Amino acid sequence: MGQPLFGFSGSLILAVLILLLPDHILQSQDNRFYSQAFFCISVVLLLGGHVAVRRSAVAAVCLGPVAVLMVLTHSLTGLIWGFLLIGLLVDFLWAKQTDQNNNSRYQNNKSWKNRLSWKMILILGFLVTWSILLLVIAFVHIMPLAKSWNNFETSSVSPIHAVIGLGFSLGWFLFLLCVPAWLFVLGNSRQPGNSYWLVCAVASGISVFLLPLKIAYISHYNFLFTFPILVILSLFIDWLARLVIQSDLPYRKLLSPLLVIMVLLSNFPALASYYQDGGRYEWRAAYQFIREHWQPGDRIACFPLSANRYIPELEPKIPVRSKSETELQQIFDQNRNNRLWIPIACNRYEPDEKRRHWLYNNARYQTRFGKKRYDFTRNDIEIFLVQKTEEEY
């Protein structure tokens, strides 16, 4: 699907970028639905690219069923359909201006223009039909779920932290490369489809920044918005490779593929780190430590699902929702006469300074579990112990 849009080299670069994306490997091995959502998003946006570049009515017809599957995988994917419509609108308006000023593209052929206008009307009809269908699905199926989704929960992630999390999802080199890539596509926005992909990529970045203000945002949501950004990156990398080949540099035929390989392997430290720890926390080792140091009368504040798997014999377990400082204070007030174990999953993406301040003031740090990584990410578990109030620490 990508070769007619980006050429063989551009589509190959895009495929390798996705293949070597650590977040993609993590989600594809997880038992959740983010990989299915990413697949549907990719197909929908690629079909939208065929509508933008080739004015394909067949692609417009196929958009509907795939878009329905997309919005049923995750409620946030409905935003992608909005990005697609806005991107197509911008591309259609920009393409009209290009038609008037660039005769070499359509050669002022009246019969071709007539066929184009009828095809655009047909495509518009399909897009409106699918939009109405998706709205019906949203009101009937998604809205009842959204009313209770993350109910009474606030996000511990600020917009800045969400954008930093996007850097972790893409890899920091690719994340920084987004700036020149966006500028390149903006400078070539009159090329067929470029404005469409630019709108989708920019809208994805803005969504990552704004969504934490409205919902309890988590790091997995970043994965849903990475595909249009990867497309922009592949277009830029392909252009750089062609630029090197067309230059007068010595060994340019060797430098061009080396440049592409270096960029594609920029996520190798994160990829090696993923195979080191699987992108997961060492809950087994953490709960084993608590078992070895458990005393009669102890309590543990934990997520019951994981705790019951590793330490089913240890009771009582105090269920928690978010382990915020307010929730921990309530648990502490209710268990002042008992020792309280608090295992905390720590990473660089979702820092909670208020919770950490409460732990340092009210609990004693015990140990940390986590395998060595070769990138900026950390998947550690820190264990804290709150002593009885009459004990000094």
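Observations, loosely collected:
- Every residue from the range 205-225 that is crowded, with 18+ Cβ neighbours inside 10 Å, farther than 19 Å from G171 by Cβ and modelled with pLDDT of 80 or more: S207, L211, P212
- Filtered by the rule that a residue be aromatic (F, W, Y), buried (at least 16 other Cβ atoms within 10 Å of the Cβ) and either outside the structural domain of R291 (by TED's automatic domain parsing) or modelled with pLDDT of 85 or more (or both), the range 357-382 gives a lone residue, F369.
- Output for the range 2-35, where each listed residue is part of a helix (DSSP H, G or I), farther than 20 Å from R280 by Cα and of a type outside the set (A, V, I, L, M, F, W, C): Q3, P4, G7, S9, G10, S11
- Some residue of the range 218-226 being over 24 Å from Q29 (Cβ atoms) and part of a helix (DSSP H, G or I): no
- Just one residue in the set L230, L243 is crowded, with 20+ Cβ neighbours inside 10 Å and either more than 15 Å from G167 (Cα to Cα) or assigned by TED's automatic domain parsing to the domain that holds S75 (or both); that residue is L230.
- First in the range 289-308 and buried (at least 19 other Cβ atoms within 10 Å of the Cβ), second anywhere and part of a helix (DSSP H, G or I), Cβ under 6 Å, 6 or more apart: A301/I331
- Residues that are aliphatic (A, V, I, L, M) and crowded, with 17+ Cβ neighbours inside 10 Å were ranked within the range 164-176; the one that is farthest from Y217 (Cα to Cα) is L174.
- If the condition is being buried (at least 23 other Cβ atoms within 10 Å of the Cβ) and either closer than 14 Å to V53 by Cα or outside the structural domain of I229 (by TED's automatic domain parsing) (or both), then the range 181-193 contributes only G193.
- Sole exception among (1) farther than 16 Å from A52 by Cβ; (2) in contact with a helix residue (DSSP H, G or I) (Cβ under 8 Å, 6 or more places away or on another chain); (3) hydrophobic (A, V, I, L, M, F, W, C); (4) modelled with pLDDT of 85 or more for V202, by number: (1)
Every residue, every condition in (1) outside the structural domain of L89 (by TED's automatic domain parsing); (2) touching a Lys or Arg at 6+ places or on another chain (Cβ under 9 Å); (3) within 19 Å of L166 (Cβ to Cβ); (4) buried (at least 21 other Cβ atoms within 10 Å of the Cβ), yes or no:
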residue: I13; (1), (2), (3), (4): no, no, no, yes
residue: L26; (1), (2), (3), (4): no, yes, yes, no
residue: F39; (1), (2), (3), (4): no, no, no, no
residue: L47; (1), (2), (3), (4): no, no, no, yes
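- Options L198, L233, L249: the member that is in contact with a Leu (Cβ under 8 Å, 6 or more places away or on another chain), part of a loop (DSSP other than H, G, I, E, B) and not polar (S, T, N, Q): L249
- A single entry from L249, L258 fulfils the requirement of being at pLDDT 80 or above and surrounded by fewer than 16 Cβ atoms within 10 Å (Cβ to Cβ): L258.
- Scoring D30 on the criteria (1) at pLDDT below 85; (2) crowded, with 17+ Cβ neighbours inside 10 Å leaves a single failure, condition (2).
The values are calculated or read from the model by the stated rules, or taken from the named source; none is laboratory data. Quantities reported herein were computed from a predicted structural model and do not represent experimental measurements. Backbone-built Cβ (ideal geometry, glycine too); neighbour counts: all protein chains shown.
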